[in-house]
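Here's the structure, in structure tokens; my notes come after.
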Amino acid sequence: MTRVEPAAVVDEELVQAVARLVPQLSRSAPPPTAAELAAIVSSPATTLFVARDDGGRIIGVLTLAVFCIPTGVRAWIEDVVVDGRARGSGAGRALVRAALEGAAAQGARTVDLTSRPDREAANRLYLREGFEARKTNVYRYTAEPS
Ligand SMILES: CC(C)(COP(=O)(O)OP(=O)(O)OC[C@H]1O[C@@H](n2cnc3c(N)ncnc32)[C@H](O)[C@@H]1OP(=O)(O)O)[C@@H](O)C(=O)NCCC(=O)NCCS
């Protein structure tokens, strides 16, 4: 059984687990430092959900961002990743469900996410959990390195 909880403290175990997981999500993003993780964990806008296996080992993470804008309280799910060795046993589903519960508890009207079409397992997961594909253009502005 996978257990999912919001991270409350940033310790070496969490820093190392996220450092193992981030490269499985992005080839370009460096893993966050302990201070960067602490900023995520302490921010009222973000919740870092952590999935653990039966032995208590961290096997996945998901970040939920909830914010208030003129059209209401909205939420985004970002950076969903489960360790390659632990996939296919429901950790992804448990992370998404915990995030949806967290978003609902904070009054979010909608929960959005994006996922590249080649992320097939992720796209199946989101559709299975009730997300619907929207017809909208997704834009990104990438800042120049300072
Ligand atoms: C997408 C991702 C997070 C899914 O994590 P996961 O833990 O494998 O997800 P789940 O186990 O809940 O679901 C995966 C599959 O296992 C199956 N499964 C879930 N629980 C199961 C169980 N108890 N027994 C057998 N199979 C199970 C699901 O039905 C699903 O099958 P399908 O994808 O073939 O339809 C993971 O593949 C991942 O980290 N991918 C790389 C990073 C990525 O793409 N992230 C998403 C960014 S948008």
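The values are calculated or read from the model by the stated rules, or taken from the named source; none is laboratory data. Treat the numbers as computed from the prediction; the structure is a model and nothing was measured. Ideal geometry is used to build each Cβ from the backbone, glycine not excepted, and the neighbour counts take in all protein chains shown.
Brief remarks on what is shown
- The residue pairs whose first member lies in the stretch 119-132 and is within 16 Å of residue 81 (Cα to Cα) and modelled with pLDDT of 95 or more, whose second member is hydroxyl-bearing (Ser, Thr, Tyr) and surrounded by 12 or more Cβ atoms within 10 Å (Cβ to Cβ), and whose beta carbons are closer than 9 Å, counting only pairs six or more residues apart or on different chains, are 122/115; 123/115; 125/115; 126/115.
- Residue within the stretch 60-75 that is among the aromatic types (Phe, Trp, Tyr) and within 12 Å of the ligand (Cβ to nearest atom) present: no
- Unmet requirement for residue 98, which otherwise passes all of (1) of a type in the set (A, V, I, L, M); (2) within 17 Å of residue 129 (Cα to Cα); (3) touching a helix residue (DSSP H, G or I) at 6+ places or on another chain (Cβ under 9 Å); (4) more than 8 Å from the ligand (Cβ to nearest atom): (3)
- Test: residue in the stretch 49-58 that is in contact with a Pro (Cβ under 8 Å, 6 or more places away or on another chain), at pLDDT 95 or above and within 15 Å of the ligand (Cβ to nearest atom): yes
- The residues of the stretch 2-23 that are in contact (Cβ under 8 Å) with a residue 40 or more places away in the chain and in contact with a helix residue (DSSP H, G or I) (Cβ under 6 Å, 6 or more places away or on another chain), listed by number, are 2, 4, 7.
- Candidates are the residues of the stretch 110-132 that are surrounded by fewer than 12 Cβ atoms within 10 Å (Cβ to Cβ) and in a loop (DSSP other than H, G, I, E, B); the one that is nearest to the ligand (Cβ to nearest atom) is 116.
- For the stretch 63-74, the condition of being in contact with a Leu (Cβ under 7 Å, 6 or more places away or on another chain) and over 18 Å from residue 25 (Cβ atoms) holds for none of the residues.
- Only residues that are in a loop (DSSP other than H, G, I, E, B) and out of contact with any Phe, Trp or Tyr (no Cβ under 8 Å at 6 or more places or on another chain) were counted across the stretch 1-59, and they come to 22.
- Of the residues making up the stretch 24-56, those that are charged (D, E, K, R) and free of Cβ contacts under 8 Å to residues at least 12 places away in the same chain are 27, 36.
Okay, residues lined up against (1) in a loop (DSSP other than H, G, I, E, B); (2) of a type in the set (Asp, Glu); (3) on the phi > 0 side of the Ramachandran plot:
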{"site": "73", "(1), (2), (3)": "no, no, no"}
{"site": "78", "(1), (2), (3)": "no, yes, no"}
{"site": "98", "(1), (2), (3)": "no, no, no"}
{"site": "107", "(1), (2), (3)": "yes, no, yes"}
